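Asks: First, the structure itself, so that you have it in front of you.
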Amino acid sequence: MPTREALPEDAAAIAAVHVASWRAAYRDLLPPAFLDSLDPAERAAVWRARLTSADRPAVLVSTGADGRPVAFSCFRAWPGEGLGPGPTAELAALYALPEVWGTGVGRALLSASEAALGSAGFREAALWVLAGNARGRRFYEAAGWRPDGGVASEETGGVLLDELRYRKRLFD
């Protein structure tokens, strides 16, 4: 599937992917009421603000046959918590519509994101993945990402969840 830089007019589609992916991926980790309360319109406003900000993160979308985004990634310089800024980037998000899971869209988008990070001068990247997200952990590990021992806890939907930090060198 084609991958391109996201445009402000993609905000609603990105939000729809974000919400649908969370509802499917985290259904065993977060309360159903919280997942049901996720509002695509509210998320669209957040994504529109990000995509029009002067200091916007990089956002890529993979599009389906109709040209609408079916997956997206978001990355930026590492914010400095534990790794320090510099040549490390943060892959802050990578989500796909559940109907395209297992089709290679996510792998292709991750590869395109890693290439874009390398082109931007980053030497390595890190990300956070929920400890209980076995599918997500397998996905990243299959692509060469490894946990580095970093753990953070965050409350989401009234549940305290552990996140594991994964890292990958972009160049050997």
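Asks: For Cα extents along the principal axes in Å, one of (i) 40, 35, 33; (ii) 79, 32, 27; (iii) 51, 33, 32 was computed from the structure I shared and the rest are decoys. Which label?
Replies: (i)
Asks: With a 1.4 Å probe and all protein chains left in place, how much accessible area per residue does the range 6-93 have, in Å²?
Replies: Per-residue accessible area for the range 6-93 comes out at 46 Å².
Asks: May I have the convex hull volume per residue, in Å³, for the Cα set of the range 1-42?
Replies: Measuring per residue, one finds 76 Å³ for the Cα hull of the range 1-42.
Asks: Still on this structure, please answer the following. Just want to confirm a number: the relative contact order over the range 45-172, from Cα pairs under 8 angstrom separated by 6+ residues, in percent.
Replies: It comes to 19 percent, rounded to a whole number.
Asks: So if I take the centroid of the Cα atoms in the range 5-60 and the same for the range 97-146, what is the distance between those two points in Å?
Replies: 17 Å
Asks: Another question, if that's okay. Can you tell me which of 16-23, 35-42 comes out highest on packing, and rank the rest after it, using the mean Cβ neighbours within 10 Å?
Replies: Ranked by mean Cβ neighbours within 10 Å, highest first: 16-23, 35-42.
Asks: So if I place +1 on the C-beta of Lys and Arg and -1 on the C-beta of Asp and Glu, and nothing else carries charge, what would the dipole magnitude of the chain be about its Cα centre? I want it in debye, nearest 20.
Replies: 400 debye
Asks: Something else: When the accessible area of the chain is computed with all protein chains present and a 1.4 Å probe, what percentage of it is carbon and sulfur?
Replies: Carbon and sulfur: 52 percent of the exposed surface of the chain.
The values are calculated or read from the model by the stated rules, or taken from the named source; none is laboratory data. As the structure is a prediction and not an experimental result, all values here were calculated from the model. Here Cβ is always computed from backbone atoms with ideal geometry, including for glycine, and neighbour counts include all displayed protein chains. These accessible areas exclude ligands, DNA and RNA; they are computed on the full protein's heavy atoms, side chains included. Shrake-Rupley method; radii C 1.70, N 1.55, O 1.52, S 1.80 Å.
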